[in-house]
Amino acid sequence: MSSARTALVITSISAPNGVLQSFAEGCSARGIDFILIGDRPSPADFELEGCDFWGLPRQRTMPFELANLLPERHYGRKNLGYLEAIQRGAEVILESDDDNFPREPFWEARTREHHAASFEGTGWVNLYRSFSEEPIWPRGFPLENLQDQQPATPAPTKRNCPIQQGLADENPDVDAIYRLTGKLPLNFDQRETPVSLGKGAWCPFNSQNTSWFREAFTLLYLPSYCSFRMTDIWRSYVAVRICWENGWDVLFHNATVWQERNAHNLMKDFADEVIGYQNNKAICDRLQALPLKPGAEHIGANMRACYNEFITMGLVGEDERPLLEAWLSDIAKLG
């Protein structure tokens, strides 16, 4: 792993399991901070060597405005883990989930700049198809664009990629429709050259195997007053849109984890994702039309503008505004 200070952030309500044990051992061996954020159903006696567990009582002692505002029983509590990592001086934040086993390449050093095939000006591009011949798509990809012809892969160029999405084998992050109809398990092909989203290219990314560099930390924010199955996807739309303004690409690279998926009710997942199926394309049309400004100093204002669109569309609740303001305030205080 990089000599830069690195932290791994996961949220879980599980007792210590094989995945968490694997992450704890890997982090301990490499000097990586492993921050685990619990929630209401978490075991009160959670203990795992190499893992810094934060249950609800301990979370309430955090010196962050957001700590007293986040709703319980929601994936958005992971935001507190990001803030804790930033407070400790992290330069790189890794994130995953409690059902993704890391492979050895997961622990390799992250670099911000890559020679990548950068898609620019393509609109929607299904980057899972760059890693598989199967008709697979990522959760959050608009269904109405699935039949679009895949644009030709560009020649690799040097790209600045402060957000990097690693894929997951066995049970990739796909939506309920694919899970009900498509081929699983599935392992992605290994590419010599990664691919990336440049300006004018859309593809959702998730929180299962993602690396973030410091300049993009503000974009880590997960909304709480929305569908559970959409929180990391809609975050990704905001991040992609703001990356365009800053000359940043979002990188997609080979799978470095494999998922042994936790139990899910697929029809419940489907119901939770319907709001996305109906609105994902329209959301990004509206985000793309926003007159955002370049520069780190405008990221907060750009995020407010983006989330205002979600709220205006009735997709994220009005109660999200004070949470976003608390997040931006906490980030500003952490420098």
Each label point is 7 Å from the Cα along the Cα-to-Cβ direction; what then is the distance between the points at Arg40 and Ser329, in nm? 2.5
Rounded to whole Hz and in sequence order, give me ³J(HN,Hα) for the stretch 292-299 from the Karplus expression 6.51 cos²θ - 1.76 cosθ + 1.60, θ = phi - 60°, writing x for Gly and Pro. 7, 10, x, x, 4, 5, 9, 4
List, in order, the whole-Hz ³J(HN,Hα) value for each residue of the stretch 13-22 obtained from phi through the Karplus relation with A = 6.51, B = -1.76, C = 1.60 and θ = phi - 60°; use x for Gly and Pro. 10, 7, 5, x, 10, x, 5, 4, 4, 5
Rounded to two decimals, what ratio of Rg to Rh does the stretch 138-182 give with C-alpha atoms and a Kirkwood Rh? 1.03
Farthest toward the dipole's positive end in the chain, which of Pro162, Gly18, Leu94, given Cβ charges of +1 (Lys, Arg) and -1 (Asp, Glu) about the Cα centre? Pro162
Of the listed peptides 171-177, 21-27, 287-293, 260-266, what is their order by residue-averaged count of other C-beta atoms within 10 Å, with the highest listed first? 171-177, 21-27, 287-293, 260-266
Treating only the Cβ of Lys, Arg, Asp and Glu as charged (+1, +1, -1, -1), what charge dipole size does the stretch 1-125 show about its Cα centre? Round to the nearest 20 debye. 280
In nm, give the distance between the simple-model label positions of Ala155 and Arg73, each being 7 Å from the Cα along the Cα-to-Cβ direction. 5.6
Provide the descending list of Cα extents for the stretch 6-334 along its principal axes, expressed in whole angstroms. 52, 41, 39
Using mean Cβ contacts within 10 Å as the protection proxy, how do 222-228, 311-317 order, highest first? 222-228, 311-317
Between Glu47 and Glu108, what length comes free when the chain is fully extended (0.36 nm per residue of separation minus the Cα-Cα distance, one decimal in nm)? 19.3 nm
At R0 = 41 Å, FRET efficiency that the Cβ-Cβ distance of Gln278 and Gln21 yields, to 0.05: 0.55
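Quick one: order Tyr277, Tyr178 by neighbouring beta-carbon count within 10 Å, fewest to most. Please report the intermediate quantities before stating the final value.
Values: Tyr277 16, Tyr178 22.
Going from sparsest to densest Cβ surroundings: Tyr277, Tyr178.
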Label-point separation in nm, Arg214 to Ile13, each point 7 Å along Cα→Cβ: 3.6
Modelled label reach - Phe270, point 7 Å along Cα→Cβ, the stretch 115-154 residues with backbone N closer than 20 Å: 135-147
Would you please give the residues with an amide H less than 5 Å from that of Thr11, counting only those at least 5 places away or on a separate chain, with H modeled from the backbone geometry? Ile37
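Every number in this text was worked out from the coordinates using simple rules, so none of it is lab data. Computed from a prediction, not measured in an experiment: that's the story for all the values here. When we count neighbours, we look across all protein chains shown, and the Cβ atoms used for this are built from the backbone with ideal geometry, even at glycine.
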